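Notes for the one structure printed next.
The values are calculated or read from the model by the stated rules, or taken from the named source; none is laboratory data. This is a predicted model, so every value here is computed, not measured. Reconstructed Cβ throughout: ideal geometry from the backbone, glycine too, with neighbour counts over all protein chains shown.
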Amino acid sequence: MSNSSLNPPKEVVIVGGSLSALMHGIMFHRMGSAVRILERSSANTPESHLAGVGLGPDALHLLERFDRMRDIPLGIPSVQLQSLDRNGHPRPFLKARRVLSSWDALYFRLRANFDMLASDYVPPLNPSALDGEDLENATMRAKYEVGKQVFNVKELASGQLSVHYRDLLNGGREEQVVADMVIGADGPNSLIRKLFTGPDASERKYAGYIAWRGVVAEDQVSERTREIFSENITYSILEKKAGHVIVYNIPGRCGSVEPGKRMLNFCWYTNLSPNVLETTMTDIKGTVHHTKLAPGQVRPEVWFKLRDYARATLTAPYVEVIDKISSPFVHSITDYISNRAQFLGGRVLLVGDASALLRPHIAFSTNQAAYQALRTKKLIKGEITADQWQYQVTKAAYLHWRRSIWFGEFFQRPLYISICSAIRYLIALASARFAVWAGWLPEEALCV
């Protein structure tokens, strides 16, 4: 299939409805495609993720290009990295400017840009139309459909693709939709990846530690604690392999970035052997979960035990925050990388966590999704081929996957293990720098 026939695809189906799906959906819609996002969840809007996201250069570039809400702040600027000493006093060590948002604030911002969804985060918007296009047609070209469980994608004799799904809101009735292009944005357990890579599909692997998370309203902690964490990303590596803890501000209710109305995002990474993992990941009803326990599912006795350990281990500002967490949740840390991201001559693409699952320490998954969306735009415009798109996407993903592993091993593992991870990352970085020098890879792929 030639590049010109992709320019632009008339009908696009995106499997999955998260951040990477919306970034691609907005981009395709602005280029003139009719876009249907098929989300498996039956909820009209997702439950709050209660998690922070970092907006890297590519995410900011994509929003600068497509965002229609310039008067609503993107997030909270962070000016430096710091740690806390044993007495709870901050020790700044690196000037690092980042824009910190929350999953919820970014999701509803992207939804408003895609299908004009109004929410507590974003007021109603008018449709975005192409020159000469009526607003009704522009609205019809952007559809976000929930309760749609995709189970197969087939190539038709016409060269188009048939996407088969079960309508969970209609008794699971099987239906299909025809598309010129399919984007697999269906997350770490991607069906699209499994369909097109077969039995050799990459699977996520447990990294040997978990993340305890929670958020606390900024006005619930003391003024001193607010001041310590304000405008800074604060983390501390704990002694005796107790992991590391990180705290930073994210937008509060309805996306507020006003001091005193923001949220403190707390995360504590603790090592946990696989044979103990099942006990921790058993919820209040006795059900074992593989990757996460949502707020309200963590057994109180497990949380109280961790909180007591925190009081004996962490410094006062961290303890004050953890004592205020009312609905903790937990993730097991996993990762994987796929060496393929395009199929059928570029008519099927894997993006976001479907293509590579990074460990969270580098706060790069959102930027990765934006980078891929910007590369996809070049593919659709015919500026790069499908093979070049795959190389540029997988090469960058591998680099940052290696970087995320190195950071995780540095924080959680003995020095000799982190040194090995650092060497693997530096080899990947050298290879990527050579690819940039040779003109095969864009400079932004190296972004840290």
Checklist entry - Looking only at the stretch 14-48, which residues are under 22 Å from LEU357 (Cβ atoms) and either of a type in the set (Asp, Glu) or in contact with an Asp or Glu (Cβ under 6 Å, 6 or more places away or on another chain) (or both)? => result VAL15, GLY16, GLY17, LEU38, GLU39, GLU47, SER48
Checklist entry - For the stretch 64-82, which residues satisfy the criterion of being farther than 22 Å from ALA373 by Cα and surrounded by fewer than 15 Cβ atoms within 10 Å (Cβ to Cβ)? => result ASP71, PRO77, VAL79
Item to check | Qualifying positions in the stretch 207-230 - over 22 Å from the mean Cα position of the chain (by Cα) and at positive phi | outcome: none
Item to check | Single match in ALA386, ALA373, ALA430 (criterion: surrounded by 18 or more Cβ atoms within 10 Å (Cβ to Cβ) and within 23 Å of ASP335 (Cβ to Cβ)) | outcome: ALA373
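Matching residues to (1) of a type in the set (Gly, Ala, Ser); (2) under 21 Å from the mean Cα position of the chain (by Cα); (3) under 30 Å from TYR248 (Cα atoms):
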| position | (1), (2), (3) |
| --- | --- |
| ILE333 | no, yes, yes |
| LEU344 | no, no, no |
| SER355 | yes, yes, yes |
| LEU379 | no, no, no |
| SER404 | yes, yes, yes |
| GLU409 | no, yes, yes |
| ALA432 | yes, no, no |
| ALA435 | yes, no, no |
Checklist outcome for this item: Expected single match for hydroxyl-bearing (Ser, Thr, Tyr) and surrounded by 15 or more Cβ atoms within 10 Å (Cβ to Cβ) among TYR309, TYR318 is TYR318
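Let's see how each residue does on (1) among the aliphatic types (A, V, I, L, M); (2) without any contact (Cβ under 8 Å) to a residue 24 or more places away in the chain:
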residue	(1), (2)
LEU357	yes, no
LYS395	no, no
ALA422	yes, yes
PRO442	no, no
Checklist entry - Applying the selection to the stretch 158-216, what residues are acidic (Asp, Glu) and crowded, with 22+ Cβ neighbours inside 10 Å? => result ASP186
Checklist entry - What strands (runs of 3 or more DSSP E) completely inside the stretch 120-236 contain at least 1 residues that are under 24 Å from LEU106 (Cβ atoms)? => result 142-146, 148-155, 181-184, 205-217
Next on the checklist: With the structure loaded, tell me whether SER128 is modelled with pLDDT under 90, among the hydroxyl-bearing types (Ser, Thr, Tyr) and outside the structural domain of ALA312 (by TED's automatic domain parsing) or whether it fails that test.
Outcome noted: yes
Checklist outcome for this item: Log entry, pairs with first residue in the stretch 79-105 being free of Cβ contacts under 8 Å to residues at least 12 places away in the same chain and in the same structural domain as ALA312 (by TED's automatic domain parsing), second being surrounded by 12 or more Cβ atoms within 10 Å (Cβ to Cβ) and hydroxyl-bearing (Ser, Thr, Tyr), beta carbons closer than 8 Å, six or more apart or on different chains, reads ARG91/SER83
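To keep it simple, each residue is scored yes or no on (1) among the hydroxyl-bearing types (Ser, Thr, Tyr); (2) touching an Asp or Glu at 6+ places or on another chain (Cβ under 9 Å); (3) without any contact (Cβ under 8 Å) to a residue 12 or more places away in the chain; (4) within 30 Å of HIS290 (Cα to Cα).
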| site | (1), (2), (3), (4) |
| --- | --- |
| TYR121 | yes, yes, no, no |
| LEU125 | no, no, no, no |
| ASN137 | no, no, yes, no |
| ARG141 | no, yes, no, no |
| PHE151 | no, yes, no, yes |
| GLU155 | no, no, no, no |
| TYR165 | yes, yes, no, yes |
| ALA179 | no, yes, no, no |
| ILE192 | no, yes, no, yes |
